[in-house]
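A.B. asks: I'd like to ask you about the structure that follows.
Please treat every number below as a calculation from the coordinates, not as lab data. What you see is a predicted model; the values in this text were computed from it and never measured. Note that we place each Cβ from the backbone using ideal geometry, even for glycine, and neighbour counts take in every protein chain shown.
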Amino acid sequence: MGLFKKKIMKKTYDREYMKPVICASICTGEKVAGFKDIRTGKIEEIMLIRLPEDLERFKEIYEITEEVAKEY
């Protein structure tokens with residue numbers, strides 16, 4: 001049990017050309033949060049999502065307020 005909470009570093013992404021997505025595997029159920037380039041369709045994977053808290057942390061780091069879309 002710690003007395004101090006680790007400070008989360010805020011990061012940015014190009015909101016004009018990138019949209020946040022969760023890539024989910026149909027077979028294994030693995031989920032990875034990242035950003036999809038709207039122009040090319042390429043996905044940049046950022047972090048593994050194991051728990052709902054991981055998704056909340058991802059949204060907090062990149063200051064995402066909207067719902068994150070899932071892609072299979």
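A.B. asks: Using unit Cβ charges (K, R positive; D, E negative) and no other charged atoms, how large, in debye to the nearest 20, is the dipole of region 18-71 about its Cα centre? It would help to have the intermediate numbers written out before the result.
C.D. replies: Values: 9 positive and 12 negative charges, 46 e Å.
Charge dipole of region 18-71: 220 debye, to the nearest 20.
A.B. asks: I've got another one for you. How high is the relative contact order of the chain, given as a whole-number percent (alpha carbon pairs under 8 Å, six or more residues apart)? Numbers along the way, then the final one.
C.D. replies: Details: 97 pairs, mean separation 24.3, N = 72.
In percent, rounded to a whole number, it is 34.
A.B. asks: How many angstrom separate the Cα center of region 18-33 from the Cα center of region 34-52?
C.D. replies: The two parts, judged by their Cα centres, are 7 Å apart.
A.B. asks: Then there is this: Relative to 2.2 N^0.38 Å, what does the C-alpha radius of gyration of the chain come to as a ratio? Two decimals please. Present the calculation step by step, with values, prior to reporting the outcome.
C.D. replies: Values: Rg = 13.3 Å, N = 72, 2.2 N^0.38 = 11.2 Å.
Relative to the rule-of-thumb radius for its length, the chain sits at 1.19.
A.B. asks: At most 15 other Cβ atoms within 10 Å plus a DSSP loop assignment makes a site exposed; report the longest stretch of the chain without any exposed trypsin sites (Lys or Arg not before Pro).
C.D. replies: Details: sites that count: K5, K6, K7, K10, K11, R15, R39, K42, R50.
Result for the longest clean stretch: 16-38.
A.B. asks: Exposed loop sites here are GluC sites (Glu not before Pro) in DSSP loop states with at most 14 other C-beta atoms within 10 Å. What is the longest stretch of the chain lacking them? Spell out each step's value before the answer.
C.D. replies: Working: sites that count: E16, E30, E63, E66, E67.
After excluding every exposed loop site, the longest remaining stretch is 31-62.
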